[in-house]
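*Asks:* Let me give you the structure first, and then I'll get to my questions.
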Amino acid sequence: MNKNQYLAVITLVAFLAVSLSPFASAASGPTLNPAPFNLPSVTYYINGGSSHYTITDSEWLNFFNDIIDNKTYVTYNWSQNATQDLIVFDLSYSGLNPYGMQLVYALSQIGFPDVHNFTLAFNKTANLESLVSGNGGKLTNLEALNAGAYPGFSWSTPKVHGLATEYRNIGIIVAIIAAMFILYFYFNRRK
C-alpha cells in the first residue's frame with residue numbers, strides 16, 4: 001500500500017468510529033437480573049389512614065398480565081422481556097423504583113389492588129413525567145413504556161425509536177456505503 005491508501009484507510013476507520021460512537025454509548029447500563037420466583041409484597045395505606053392492603057405476588061402478576069402486557073394500554077411487547085418486573089421494582093427486586101412508588105401511591109388513593117383499581121392507578125400515572133430522556137426532554141411514563149424503557153430508571157433508553165432517529169440511522173448507513181464506494185473507485189482507477 002502506498003501513502004494515499006494508508007491515509008484513506010485511516011480516514012475510513014476514523015469515520016466509522018465517529019459514526020458508530022452513539023450506538024456504543026446507548027449500550028451502557030447496569031446488568032439486569034431476571035425477577036425472582038416470587039415478587040415481593042408491598043403494603044400501602046388507603047388515603048394515609050389506618051386501613052391498608054398488601055399487593056401480593058398474584059396481584060403483581062395480574063397487573064403485568066392484564067395491563068402491561070395488554071396492547072390496549074401499552075403497545076411495546078413487554079411479555080417477551082424477562083426483566084419486565086423492573087417496570088415497578090428496583091434492581092434488587094426488593095423495593096419499588098420511582099415509577100412503582102407513583103403507581104402504588106395512586107393505588108392508595110383508590111383502594112384494593114384488583115385489576116380494575118390497578119387500571120385506574122395506571123391511567124392516573126400514565127402522563128406523569130418519567131425518568132427516561134427522549135425527544136429533547138423527559139418522556140411520560142406511558143411514552144417510556146411504549147418505547148420499551150423502564151420509566152423509573154434514568155439510565156433506561158427507549159428500544160423503539162422515533163422516525164427522526166430511524167432516518168438518522170439510515171442516513172449513517174447510506175453515508176458509510178457511499179464512502180466505501182467512493183474510496184474503492186478512487187483507489188482502483190487506472191492511472
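The values are calculated or read from the model by the stated rules, or taken from the named source; none is laboratory data. All values reported here derive from a predicted model rather than from experimental measurement. Reconstructed Cβ throughout: ideal geometry from the backbone, glycine too, with neighbour counts over all protein chains shown.
*Asks:* Return yes when Phe63 is part of a loop (DSSP other than H, G, I, E, B), under 22 Å from Ser51 (Cβ atoms), among the aromatic types (Phe, Trp, Tyr) and out of contact with any Leu (no Cβ under 7 Å at 6 or more places or on another chain) and no when it is not. It would help to see each step written out before you state the result.
*Replies:* Values: part of a loop (DSSP other than H, G, I, E, B): no; under 22 Å from Ser51 (Cβ atoms): yes; among the aromatic types (Phe, Trp, Tyr): yes; out of contact with any Leu (no Cβ under 7 Å at 6 or more places or on another chain): yes.
Judged against the criteria, Phe63 is not a match.
*Asks:* Follow-up question, since we're still on this one. Take Ser19 and decide whether it is in a helix (DSSP H, G or I) and modelled with pLDDT under 65.
*Replies:* Values: in a helix (DSSP H, G or I): yes; modelled with pLDDT under 65: yes.
So Ser19 passes the test.
*Asks:* Just give me the residues in segment 47-71 being surrounded by 13 or more Cβ atoms within 10 Å (Cβ to Cβ) and under 14 Å from Phe112 (Cα atoms), in sequence order.
*Replies:* Passing the criteria: Tyr53, Ile55, Thr56, Glu59, Trp60, Asn62, Phe63.
*Asks:* Still on this structure, please answer the following. Here is a check on your reading of the model: is Tyr99 assigned to a helix (DSSP H, G or I) and in contact (Cβ under 8 Å) with a residue 12 or more places away in the chain? Spell out the reasoning first.
*Replies:* Working: assigned to a helix (DSSP H, G or I): yes; in contact (Cβ under 8 Å) with a residue 12 or more places away in the chain: yes.
Yes: the conditions hold for Tyr99.
*Asks:* Of the residues that make up segment 119-130, is at least one of a type outside the set (Gly, Ala, Ser), surrounded by 13 or more Cβ atoms within 10 Å (Cβ to Cβ), part of a loop (DSSP other than H, G, I, E, B) and at pLDDT 90 or above? Step through it out loud before you land on a result.
*Replies:* Initial filter on segment 119-130 (of a type outside the set (Gly, Ala, Ser)): 119-120, 122-125, 127-129.
Narrowing further to those that are surrounded by 13 or more Cβ atoms within 10 Å (Cβ to Cβ): 119-120, 122-125, 128-129.
Filter once more, so that each one left must be part of a loop (DSSP other than H, G, I, E, B): 128.
Within this subset, residues satisfying the condition of being at pLDDT 90 or above are 128.
The answer is yes; a qualifying residue exists.
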